[in-house]
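Below is one structure, written out as structure tokens, with a few remarks after it.
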Amino acid sequence: MAANFWASSHYKHLLDQEEVDMVNPLDKEKGVTLEDFKLIKMHMSNYILKLAQQVKVRQRVVATAVTYMRRVYTRKSMTEYDPRLVAPACLYLASKAEESTVQARLLVFYIKKLYADDKYRYEIKDILEMEMKILEALNYYLVVFHPYRSLSGLLQDAGLNDLSMTQLTWGLVNDTYKMDLMLVHPPHQIALACIYIASVLREKDTTVWYEELRVDMNVIKNISMEILDFYENNRMFTDERINAALQKL
Amino acid sequence: MEKIGVVLSAKEAFEKLEKVGEGTYGKVYRAREKATGKIVALKKTRLHEDDEGVPPTTLREVSILRMLSRDPHVVRLLDVKQGQNKEGKTVLYLVFEYMDTDLKKFIRTFRQTGQNIPPPVIKGLMYQLCKGVAFCHGHGILHRDLKPHNLLMDRKTMMLKIADLGLARAFTVPLKKYTHEILTLWYRAPEVLLGATHYSMAVDIWSVACIFAELVTKQALFPGDSELQQLLHIFRLLGTPNEDMWPGVSKLMNWHEYPQWSPQSLSKAVPTLEEAGLDLLAQMLQYEPAKRISAKKAMEHPYFDDLDKTNL
């Protein structure tokens, strides 16, 4: 769903980085570190994406589902809300909120196909129960805004809406869902950061355009740095580390 | 709305007083909140029996009401509670402020006694309706199902509130295809009837216009009983549209050749409405959706000049 961002609960719900990076005390007791916390969330974002590709829903549904999942973990522990159930339940809920409902039994079918591991195995009943718990955790605030809409408008405005720039920036925006950026920054700033990175990579001069936008370039550059850091560290996010983190729960 | 559901179940928190309605997705009760004695409306939502959890329309209604925070002319969602019915199945209760009547019943009482609704009352109600719709539109929400039944009222204060946002949705620009099987026929805009795939805020304004006329005459303006009949009712009053009146009309999916009528004067259909009111009505009944007046502009129309807006 998309509507007027500035009048929305999404805008009012943006958090500080410190709030997002708070590991729940219950998880901390089990030895979950901030690194583990981030890794698990990243892994679950990938899980949502994989599942979404199987059931064939739009990127927007994926983005909403990942946002729900990340919001849940600013309020609830992974100990009580098993990420391996929360991830598919968020996709289920997002598919309804974005008006492209996916049947729960279809999700269950593909979960089994994707993961042989028993710990991922959940039934329809579990997903429906978790849906209710997620609704409560989100306090029924379901309208989420994404950078995609700003992105196409901004690219056009900058005269950069050729295929190569569109694909590159779109991919960058997709990757931002592997991070918590959307909990902290409004979507248009994330879009601007992705355009910034892409224009540097493709050697397009956008200095004047950014100046005319009158945005705080420090903010945009900081977001860009975060994204680049993420790519830089990506190599170290191995399956072993992810599994070790999940083992602690 | 700080805490939801977790502390008290719906059954513990509320005493059901009477059933006041039944919608597609469940029953509505008048109930008393035990802790405060406050009277509320409980909208009970059955969850699907086919294992699909919370119905999407309910999710949409809740999330939209969550977003339309606190406009006085949109019904206020006080709380959402999860509960269990007798069979142990999960039910969802939407807790709304209680309103004692709706516009459909209100119009009916006047029709039954043969009285007219006093013009200042109509003006007050119309202003509130425009204000509520303007608020929804300002937040990017189309209602898509405005009709007298969905407009709640308080008889004493004459306060009007928009309810039943189950079909409402947030829209993006450019507006994409929406399902068009949505509105009650009588209040349905011609572009929806003709199968337009892109529609907008203007569909709500058309409904507002139909409600406006109905307040004056106490009869539905276009009481069609099929989509074709509905269109013919409209064409008979406003004239059969053509490319001059409405560019692009003949390209709409459901367009056919229709009997040719020329436009009638609106004062024929709504004879007791004052001049300024007729002008506003005409602007709301523009065929071309983009030319239809917006809710916000309607609020500034001279028709409302002599209305005391201090308490609205």
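Within the stretch B:179-205, the residues that satisfy the criterion of being touching a helix residue (DSSP H, G or I) at 6+ places or on another chain (Cβ under 7 Å) and outside any loop (DSSP other than H, G, I, E, B) are B:185, B:186, B:187, B:190, B:191, B:192, B:193, B:202, B:203, B:204, B:205. Which one is nearest to the chain's Cα centre (by Cα), of the residues in the stretch A:63-80 that are hydroxyl-bearing (Ser, Thr, Tyr) and within 14 Å of chain B (Cβ to nearest Cβ)? Selected residue: A:67.
What do you reckon, is residue B:104 open to solvent by 10 Å² or more (accessible area, probe 1.4 Å), assigned to a helix (DSSP H, G or I) and more than 9 Å from chain A (Cβ to nearest Cβ)? Before the answer, list the steps.
On the way: open to solvent by 10 Å² or more (accessible area, probe 1.4 Å): yes; assigned to a helix (DSSP H, G or I): yes; more than 9 Å from chain A (Cβ to nearest Cβ): yes.
It is true that residue B:104 is open to solvent by 10 Å² or more (accessible area, probe 1.4 Å), assigned to a helix (DSSP H, G or I) and more than 9 Å from chain A (Cβ to nearest Cβ).
Inspect the stretch B:260-272 for any residue being part of a loop (DSSP other than H, G, I, E, B), assigned by the TED database to the domain that holds residue B:200 and farther than 21 Å from residue B:209 by Cα and give the result as yes or no. Yes: the stretch B:260-272 contains one or more residues that are part of a loop (DSSP other than H, G, I, E, B), assigned by the TED database to the domain that holds residue B:200 and farther than 21 Å from residue B:209 by Cα. With respect to being over 19 Å from the mean Cα position of the chain (by Cα), hydroxyl-bearing (Ser, Thr, Tyr) and part of a helix (DSSP H, G or I), residue A:199 fits the description.
Screening residue A:136 against (1) among the charged types (D, E, K, R); (2) outside the structural domain of residue A:94 (by the TED database); (3) out of contact with any Leu (no Cβ under 9 Å at 6 or more places or on another chain) leaves a single unmet condition, (2). The residue that is farthest from residue A:55 (Cα to Cα), counting only those in the stretch A:89-108 that are facing chain B (nearest Cβ under 8 Å) and of a type in the set (A, V, I, L, M, F, W, C), is A:97.
Please tell me if residue B:168 is more than 20 Å from residue B:265 (Cα to Cα), modelled with pLDDT of 95 or more and of a type in the set (Gly, Ala, Ser).
Taking the combined requirement at face value, the residue does not satisfy it.
Hey, can you tell me all the residues within the stretch B:278-308 that are under 19 Å from the mean Cα position of the chain (by Cα), farther than 13 Å from residue B:206 by Cβ and not hydrophobic (A, V, I, L, M, F, W, C)? Answer for the stretch B:278-308, where residues must be under 19 Å from the mean Cα position of the chain (by Cα), farther than 13 Å from residue B:206 by Cβ and not hydrophobic (A, V, I, L, M, F, W, C): B:296, B:297. Of the residues making up the stretch B:33-82, those that are closer than 18 Å to residue B:17 by Cα and open to solvent by less than 10 Å² (accessible area, probe 1.4 Å) are B:40, B:42, B:45.
Scanning the stretch A:109-147 for residues that are assigned to a helix (DSSP H, G or I), within 23 Å of residue A:54 (Cα to Cα), open to solvent by less than 20 Å² (accessible area, probe 1.4 Å) and more than 10 Å from every other protein chain (Cβ to nearest Cβ) yields A:111, A:120, A:134. Beta carbons closer than 9 Å, at least 6 apart along the sequence or on distinct chains, pair a first residue in the stretch A:5-24 that is not assigned by the TED database to the domain that holds residue A:42 with a second that is modelled with pLDDT under 90 and exposed (fewer than 14 other Cβ atoms within 10 Å of the Cβ) for A:5/A:11. In the stretch B:45-62, how many are at pLDDT 75 or above and either in contact with a strand residue (DSSP E or B) (Cβ under 8 Å, 6 or more places away or on another chain) or not in a helix (DSSP H, G or I) (or both)? Within the stretch B:45-62, residues that are at pLDDT 75 or above and either in contact with a strand residue (DSSP E or B) (Cβ under 8 Å, 6 or more places away or on another chain) or not in a helix (DSSP H, G or I) (or both) number 9. If the condition is being crowded, with 18+ Cβ neighbours inside 10 Å and either of a type in the set (Val, Ile, Thr) or part of a helix (DSSP H, G or I) (or both), then the stretch B:218-244 contributes B:230, B:231, B:233, B:234, B:235, B:237, B:238, B:240.
The values are calculated or read from the model by the stated rules, or taken from the named source; none is laboratory data. Everything numeric in this text was worked out from a predicted model, so none of it was measured. Counting neighbours? That spans all protein chains shown, and the Cβs are built from the backbone with ideal geometry, glycine included. Side chains included, ligands, DNA and RNA excluded: accessible areas come from the protein's heavy atoms. Shrake-Rupley method; radii C 1.70, N 1.55, O 1.52, S 1.80 Å.
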